[in-house]
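Everything below concerns the one structure shown next.
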Amino acid sequence: MRTQYYTAASLDGFLATEDHSLEWLFPLVDIQDTSLPEFMQGVGALAMGSSTYEWMLRHVVNAPGGGAPWPYAQPTWVFSSRQLPAVPGADIRFVRGDVRPVHQAMQAAVQGTGKNIWLVGGGELVGQFYDAGLLDDIIVQVGSVTLGSGHPLLPRRIAQPRRLELTAVKRFGPGMAELRYEVLREGAPGAERA
Ligand SMILES: NC(=O)c1ccc[n+]([C@@H]2O[C@H](COP(=O)([O-])OP(=O)(O)OC[C@H]3O[C@@H](n4cnc5c(N)ncnc54)[C@H](OP(=O)(O)O)[C@@H]3O)[C@@H](O)[C@H]2O)c1
């Protein structure tokens, strides 16, 4: 069971523009031609912050011209300090505060299934999992655009030598490069102490 941050980011490290647009991303690649379909087969539980959840409500569930069902059958934990609308029939659990007990609950949900935990984002929430020593992998598809500003991929300083081990590089279409990193824990072979 691994806890994985799987996402796409611009070349200058942003998930979305300041106004939460992902319009930069979709022209770059057909999502079905990326590693996402295979990745999803290994996902047993998801976590996301409220901006990401609200993006899903606006652009998927309540999309103009007719919404689509909530796309995930797996349980999804949504972090927010606010009261957010639920999606009828979807297994969505609203939580706040410390990520550690939530991660324990997610682990319990996937235990024995051989599946992983997907941290959908955004970056600050994933940073909280990193701070708690709970992040195993970063899988990022880097798009051939720069945004100049926006919501950052991972607003943390991870600068210790070999804390991030690059394990794979792959190209998707003309505009995407996927980088896979393992986050080496403090004291792991090869990881320098912070
Ligand atoms: N490029 C991609 O593939 C990709 C992937 C994921 C997301 N995105 C997009 O990137 C943007 C990310 O937005 P974002 O940076 O604002 O991140 P976010 O994580 O989606 O939302 C951040 C918000 O979540 C809530 N939150 C976070 N941690 C919390 C905690 N421990 N307890 C309680 N609440 C907590 C807070 O809001 P409240 O307490 O006010 O609710 C916080 O402001 C979104 O537009 C999303 O759609 C893109």
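Scalar couplings 3J(HN,Hα) for region 149-161, obtained by applying the Karplus form with A = 6.51, B = -1.76, C = 1.60 to θ = phi - 60°, are 7, x, 9, x, 4, 7, x, 9, 9, 10, 10, 5, x Hz; x denotes Gly and Pro. Scalar couplings 3J(HN,Hα) for region 181-186, obtained by applying the Karplus form with A = 6.51, B = -1.76, C = 1.60 to θ = phi - 60°, are 10, 9, 8, 7, 6, 3 Hz; x denotes Gly and Pro. Residue-wise HN-Hα couplings along region 5-16, as the Karplus relation 6.51 cos²θ - 1.76 cosθ + 1.60 with θ = phi - 60° gives them from phi, are 8, 10, 7, 10, 9, 6, 4, 8, x, 10, 7, 7 Hz; Gly and Pro carry x. With helices as the sole contributors, the chain gives -5000 deg cm²/dmol at 222 nm; each DSSP H run of n ≥ 4 counts as -39500 (n - 2.57), and the sum is divided by every residue. Two numbers describe the Cα atoms of the chain: Rg and Dmax, which are 16.5, 53 Å. Simple point charges give the picture: +1 on the Cβ of Lys and Arg, -1 on the Cβ of Asp and Glu, and for region 1-52 a dipole about the Cα centre of about 320 debye. Placing unit charges on each Cβ (+1 for Lys and Arg, -1 for Asp and Glu) gives the chain a dipole about its Cα centre, and among Trp24, Phe39, Gly66 the Cα reaching farthest toward its positive end belongs to Phe39.
Once you divide the Cα radius of gyration of region 1-94 by 2.2 N^0.38 Å, the number left is 1.13. A simple spin-label model places the labels of Lys170 and Arg58 3.0 nm from each other, with each point 7 Å out along Cα-to-Cβ.
None of the figures in this text is laboratory data; all of them are computed from the coordinates on show. What you see is a predicted model, and the numbers here were worked out from it, not measured in a lab. In this analysis, Cβ positions are derived from the backbone assuming ideal geometry, glycine residues included, and neighbour counts consider all displayed protein chains.
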